[in-house]
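Here's the structure we're looking at; comments come further down.
The values are calculated or read from the model by the stated rules, or taken from the named source; none is laboratory data. What you see is a predicted model; the values in this text were computed from it and never measured. Don't worry about glycine lacking a Cβ; one is built from the backbone with ideal geometry, like all the others, and counts go over all protein chains shown. These area figures cover heavy atoms from the full protein model, side chains too; ligands, DNA and RNA do not enter into them. Shrake-Rupley method; radii C 1.70, N 1.55, O 1.52, S 1.80 Å.
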Amino acid sequence: MNAAQQIDRDAVSDRTQPLLKVRGLTKLYGPEKGCQDVSFELYPGEVLGIVGESGSGKSTLLSLLSGRCPPDSGVIDYRLADTHKSAGQWLDLYSASEAERRTLLRTEWGFVEQNPRDGLRMAVSAGANIGERLMAQGVRNYQALRAAGLDWLNQVEIDPARIDDLPRTFSGGMQQRLQIARNLVSGPRLVFMDEPTGGLDVSVQARLLDLMRGLVRELDLAVVIVTHDLAVARLLADRLMVMRRSHVVETGLTDQILDDPQHPYSQLLVSSVLQP
Amino acid sequence: MYVAVKGGEQAIDNAHKLLAKQRRGDTSVAELGVEQIRQQLPLAVARVMTEGSLYDAELAALAIKQSAGDLVEAIFLLRAYRTTLTRFSASLPIDTSAMQLNRRLSATFKDVPGGQLLGPTFDYTHRLLDFTLLAEGEFPGPEAQADAAVQDCPRVLGLLAKEGLIKEEQDTGAPVADITREPLEYPASRAERLQALARGDEGFLLALGYSTQRGYGRNHPFAGEIRVGEVEVWIEPEELGFPISIGAIELTECEMVNQFVGSATELPQFTRGYGLAFGHAERKAMGMALVDRSLRAGEYSEEIVSPAQQEEFVLAHCDNVEAAGFVSHLKLPHYVDFQAELELIRKLRKPSKEPAQ
Amino acid sequence: MNAATQPRPQPQTPRDEAYNFAYLDEQTKRMIRRGLLKAVAIPGYQVPFGGREMPLPYGWGTGGMQLTAAILGAEDVLKVIDQGADDTTNAVSIRRFFARTAGVATTERTPEATIIQTRHRIPETPLHADQIMVYQVPIPEPLRFIEPSETETRTMHALNDYGVMHVKLYEDIATFGHIATAYAYPVTVDERYVMDPSPIPKFDNPKLDMSSALMLFGAGREKRLYAVPPFTRVTSLDFEDHPFEVQKWEHSCAICGSHDSFLDELILDDQGTQSFVCSDTDYCAQRVSQGRAGQ
């Protein structure tokens with residue numbers, strides 16, 4: 001099933017219900033280190049930005065949300081895709097078995113690491129990187145894997161002739177785009193991103209943001225993106241959560257928060273960035 | 001027909017004879033006795049007993065003789081023999097604080113209750129070859145009997161523990177697995193880890209311990225206490241219902257004191273690493289204690305980034321009998337696999353009829 | 001002449017009474033047999049077992065020897081091969097070990113053997129239902145060179161998470177146009193566990209599939225054993241459009257003329273003149289005794 005069909009099929013019934021329901025999520029490493037009492041809902045196709053300075057707990061929250069680290073308390077419910085065996089059912093992420101979580105992570109979910117080296121297999125070619133999720137799902141046709149590799153390189157604006165090259169021969173921006181392709185090949189509904197533009201030059205960042213914005217809209221992806229860069233948040237996110245010392249201090253539509261912040265910390269954060 | 005490695009029975013028999021000849025050396029020189037090895041190479045005997053996991057100085061000396069001084073081979077001989085032994089009892093935990101001390105030092109305090117005791121040591125010797133030994137000069141005999149400490153010698157780390165400055169170790173009382181009977185599975189318990197390290201290769205542990213000092217998993221060690229001496233071994237036969245002493249063994253024990261910065265829930269405190277070896281084997285005990293502590297990184301939420309902190313890496317590779325066996329098996333014929341590789345590489349070098357694209 | 005008309009081989013060496021029958025004590029053998037029952041019940045699953053120190057070095061067949069010791073009976077007839085040959089030094093050494101400690105009969109003839117311990121080959125002569133193959137395994141974990149951590153590979157097996165195995169095959173095809181694994185070629189057993197068939201050439205992989213004989217695998221240093229019960233499906237990993245295939249030779253055996261056995265390459269002189277002979281020495285000798293010959 002391609003992305004367009006997926007949207008048609010899901011569009012009517014799917015969009016009115018949340019994809020992810022998070023209640024009272026807490027994980028503390030020390031006093032005000034980690035995150036506490038976080039609740040929100042995320043809808044299909046929605047991009048949620050988590051902003052705050054380093055140490056505010058946004059990366060901890062992302063680990064909890066993406067099934068990588070169990071919380072001290074709180075619940076994460078995820079609504080499984082219609083194509084799934086248990087169509088439309090809710091899955092309690094940390095009550096589910098590790099097998100269910102792993103399946104989710106390599107099918108309906110994606111995770112884009114800040115450092116592409118953590119998200120790519122550096123020792124195998126770009127094509128193998130893109131094909132891995134498909135192979136894990138049981139695709140056993142070499143030509144089909146090849147075709148998917150070429151298609152996705154194209155979509156993330158990498159010359160398809162580089163399909164057999166190793167990622168280490170790619171620039172930082174290309175590696176990050178390859179990591180995105182590797183995640184999106186399985187047609188995920190929800191993608192987590194940890195400072196995806198973090199290690200890149202400003203000009204490279206702009207191109208990557210542009211590409212990401214296009215793909216998110218085109219594929220109707222729900223995204224949770226952690227960033228300390230408010231420009232990235234403004235460009236990609238529909239809604240923002242502002243974190244400080246493990247607490248969510250303010251949440252709302254991106255424009256609202258960036259143009260009219262209410263909480264003193266949000267005001268400080270916004271004023272510290274040069275306005276465009 | 002040409003058969004290079006298909007040597008067969010005759011070749012094996014001949015190899016055994018040549019080995020025996022090599023071991024014996026020049027027959028005009030008197031043959032080395034097992035008792036001589038036991039008496040005059042006690043540190044080699046200690047190492048073979050420790051890594052061979054069997055406290056029997058005579059058999060260890062025999063193994064050293066039989067292996068022509070190859071200590072890893074001697075350890076292997078002792079281990080293979082140990083497998084065949086029946087176990088009739090497990091001893092009670094030994095009490096090293098009741099040790100009859102030959103040597104004791106603490107680097108963390110100038111003086112400690114019970115005092116420091118230098119004892120026999122290479123430390124402070126000048127490493128100058130002693131040509132009187134070459135001339136087979138006689139040892140004049142001990143000038144003074146080492147005055148074995150008679151006072152009470154409480155353990156140094158126990159003194160820190162009284163003040164709450166060092167992390168208390170919990171004895172859960174749970175049965176302790178035997179890694180020579182049950183396969184080691186990861187993550188291992190600390191008891192299993194210490195067993196593996198006690199059997200581990202001295203050189204490997206020394207190098208890993210050294211690597212932590214040079215910054216690969218730094219944990220700021222101090223030699224809290226090293227003690228060498230004799231400890232009684234007690235067993236409690238079920239039919240008796242009370243413990244009886246079955247003899248004494250010589251042990252070297254090392255307790256390292258390491259810095260620890262504290263965490264969200266705990267105040268800063270010292271932590272410890274533990275090393276224990278049969279006989280007089282300080283280098284082994286110290287290496288073991290350093291590596292024990294570095295393997296506790298996970299327990300103290302330290303970042304695991306260096307080889308000495310990685311449990312699977314250390315435990316899977318510290319056993320020299322396993323390592324020597326697997327490396328030496330490369331000497332076995334591999335020509336079937338090599339043939340398969342030859343065939344493959346010839347095929348890969350031919351221009352491909354159907355390019356991958 | 002065939003096996004049925006041959007008298008049963010008799011022991012040639014009296015048993016060394018200083019050791020328990022087949023060296024290991026009975027408790028240890030029982031422990032290993034319990035592990036083997038579990039392994040047979042879960043084909044291809046690696047069962048941890050309390051491997052013992054054997055008087056041979058690790059890596060020289062201690063895993064296989066422990067399994068053989070655990071299943072060996074006084075009536076068994078043992079064959080030991082290394083690289084397919086009965087007269088290679090390590091095969092001789094292991095065969096002697098059991099002749100001495102168990103006093104069992106030994107043979108070089110495949111059809112006569114009830115237990116065949118092997119390193120790196122499966123005999124060319126088809127096996128029958130009364131035979132047990134014991135394989136010596138150096139590294140039992142097929143995922144090891146992709147994932148070094150044991151904790152992680154056990155999880156991958158448990159969760160059937162094998163996508164990464166095909167990543168390696170994909171990469172081979174992209175780079176070379178072929179799958180470039182020649183031996184220890186991974187297989188799926190009974191459509192569930194991915195298994196390392198030990199370092200046999202991939203030529204031998206098809207012999208594992210639906211075999212009449214019980215296949216036991218022992219890794220002494222790694223303390224793992226596993227099994228393929230008789231008549232179990234064993235498939236080699238591949239792609240639909242790049243199917244698994246075995247080695248073929250343009251040559252035939254210089255001694256027996258066989259076109260379909262695994263051939264060893266011999267270099268005869270300084271000019272590099274090659275000659276090819278069967279790696280399975282018993283198979284080759286059987287054919288010669290039936291009047292076959294090479295050029």
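Taking first residues from the range C:15-35 that are within 13 Å of chain B (Cβ to nearest Cβ) and partners that are part of a loop (DSSP other than H, G, I, E, B), the Cβ contacts under 7 Å between residues at least 6 apart in sequence or on separate chains come to C:A22/C:L72; C:L24/C:R52; C:T28/C:R52; C:M31/C:F49; C:M31/C:G50; C:I32/C:F49; C:G35/C:F49.
Yes/no per residue for (1) aliphatic (A, V, I, L, M); (2) more than 17 Å from the chain's Cα centre (by Cα); (3) open to solvent by less than 10 Å² (accessible area, probe 1.4 Å):
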| residue | (1), (2), (3) |
| --- | --- |
| B:R227 | no, no, yes |
| B:E230 | no, yes, no |
| B:G241 | no, yes, no |
| B:Q269 | no, yes, no |
| B:A277 | yes, no, yes |
| B:M286 | yes, no, no |
| B:A289 | yes, no, yes |
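Of all the residues in the range B:64-86, those that are more than 10 Å from chain C (Cβ to nearest Cβ) and charged (D, E, K, R) number 2.
Of the residues making up the range A:233-253, just one is farther than 11 Å from A:H263 by Cβ, more than 19 Å from the chain's Cα centre (by Cα) and either open to solvent by 20 Å² or more (accessible area, probe 1.4 Å) or of a type in the set (D, E) (or both), namely A:R245. The set of residues in the range A:122-132 that are more than 7 Å from chain C (Cβ to nearest Cβ) and either within 26 Å of A:I225 (Cα to Cα) or assigned to a helix (DSSP H, G or I) (or both) comprises A:M122, A:A126, A:N129, A:I130. Listed by position, the strands (runs of 3 or more DSSP E) enclosed by the range B:201-297 that each have at least 2 residues that are hydroxyl-bearing (S, T, Y) and out of contact with any Gly (no Cβ under 6 Å at 6 or more places or on another chain) are B:244-258, B:271-278. Going by the structure shown, is C:T188 within 9 Å of another protein chain (Cβ to nearest Cβ), among the β-branched types (V, I, T) and more than 29 Å from C:L56 (Cα to Cα)? Here the answer is no, as C:T188 does not meet what is asked.
The single condition among (1) in contact with a Leu (Cβ under 7 Å, 6 or more places away or on another chain); (2) at pLDDT 95 or above; (3) more than 29 Å from C:R52 (Cα to Cα) that C:S275 does not meet is (2). Per the conditions (1) of a type in the set (A, V, I, L, M); (2) assigned to a loop (DSSP other than H, G, I, E, B); (3) over 20 Å from the mean Cα position of the chain (by Cα); (4) modelled with pLDDT of 80 or more, the sole criterion not satisfied by B:A144 is (4). Those helices (runs of 4 or more DSSP H) of the range B:37-108 in which 2 or more residues are at pLDDT below 95 and open to solvent by less than 70 Å² (accessible area, probe 1.4 Å) occupy B:71-83. Suppose the filter is modelled with pLDDT under 95, touching a helix residue (DSSP H, G or I) at 6+ places or on another chain (Cβ under 6 Å) and surrounded by fewer than 17 Cβ atoms within 10 Å (Cβ to Cβ); does C:D16 pass it? For C:D16, the condition - modelled with pLDDT under 95, touching a helix residue (DSSP H, G or I) at 6+ places or on another chain (Cβ under 6 Å) and surrounded by fewer than 17 Cβ atoms within 10 Å (Cβ to Cβ) - is met. Looking at A:H263, A:H228, just one residue is within 22 Å of A:G34 (Cβ to Cβ), open to solvent by 90 Å² or more (accessible area, probe 1.4 Å) and not charged (D, E, K, R), and that residue is A:H228.
Got a sec? Which strands (runs of 3 or more DSSP E) wholly within the range C:205-265 have at least 3 residues that are under 18 Å from C:T188 (Cβ atoms), open to solvent by 20 Å² or more (accessible area, probe 1.4 Å) and more than 11 Å from chain B (Cβ to nearest Cβ)? Steps first, please.
Numbers: elements: C:214-219, C:224-228, C:234-236.
Result: empty, no element qualifies.
Kindly indicate whether C:Y162 is within 9 Å of another protein chain (Cβ to nearest Cβ), of a type in the set (S, T, Y), in contact (Cβ under 8 Å) with a residue 24 or more places away in the chain and touching a Leu at 6+ places or on another chain (Cβ under 9 Å). Judged against the criteria, C:Y162 is a match.
Does B:V336 meet the test of being crowded, with 19+ Cβ neighbours inside 10 Å, at the interface with another protein chain (Cβ under 8 Å from one of its Cβ atoms) and closer than 23 Å to C:F203 by Cα? In short, yes. Scanning the range C:24-47 for residues being surrounded by 24 or more Cβ atoms within 10 Å (Cβ to Cβ) and more than 18 Å from B:E182 (Cβ to Cβ) gives a total of 1. Checked against the criteria, B:S53 does not count as of a type in the set (S, T, Y) and over 22 Å from the mean Cα position of the chain (by Cα). Checked against (1) assigned to a helix (DSSP H, G or I); (2) open to solvent by 50 Å² or more (accessible area, probe 1.4 Å); (3) away from chain C (no Cβ under 12 Å); (4) not β-branched (V, I, T), B:E303 passes all but condition (1). Looking across the range A:182-216, the residues that are of a type in the set (K, R) and surrounded by fewer than 20 Cβ atoms within 10 Å (Cβ to Cβ) come down to A:R207, A:R213. From the list A:Q137, A:Q175, A:Q114, the one residue that fits, being at the interface with chain C (Cβ under 8 Å from one of its Cβ atoms) and either of a type outside the set (S, T, Y) or touching a residue at least 40 places away in the same chain (Cβ under 8 Å) (or both), is A:Q137.
Taken as a whole, the structure leaves C:Y226 outside the set of residues that are among the aromatic types (F, W, Y) and in contact with an Asp or Glu (Cβ under 8 Å, 6 or more places away or on another chain).
Might you let me know whether the range A:29-39 holds any residue that is open to solvent by 10 Å² or more (accessible area, probe 1.4 Å), away from chain B (no Cβ under 14 Å) and touching a Phe, Trp or Tyr at 6+ places or on another chain (Cβ under 7 Å)? No, that holds for no residue.
Which of the residues that make up the range B:159-191 are open to solvent by 100 Å² or more (accessible area, probe 1.4 Å), away from chain C (no Cβ under 14 Å) and under 24 Å from C:E53 (Cβ atoms)? Within the range B:159-191, B:P175, B:V176 meet the criteria. The number of residues in the range A:124-143 that are closer than 17 Å to C:I179 by Cα and either among the basic types (K, R) or open to solvent by 40 Å² or more (accessible area, probe 1.4 Å) (or both) comes to 4.
Count of the range C:48-73 residues, restricted to those that are buried (at least 22 other Cβ atoms within 10 Å of the Cβ), touching a residue at least 60 places away in the same chain (Cβ under 8 Å) and either under 10 Å from C:V134 (Cβ atoms) or β-branched (V, I, T) (or both), is 8.
Considering the range C:266-295, the residues that are assigned to a loop (DSSP other than H, G, I, E, B) and of a type in the set (S, T, Y) include one that is surrounded by the most Cβ atoms within 10 Å (Cβ to Cβ), namely C:S279.
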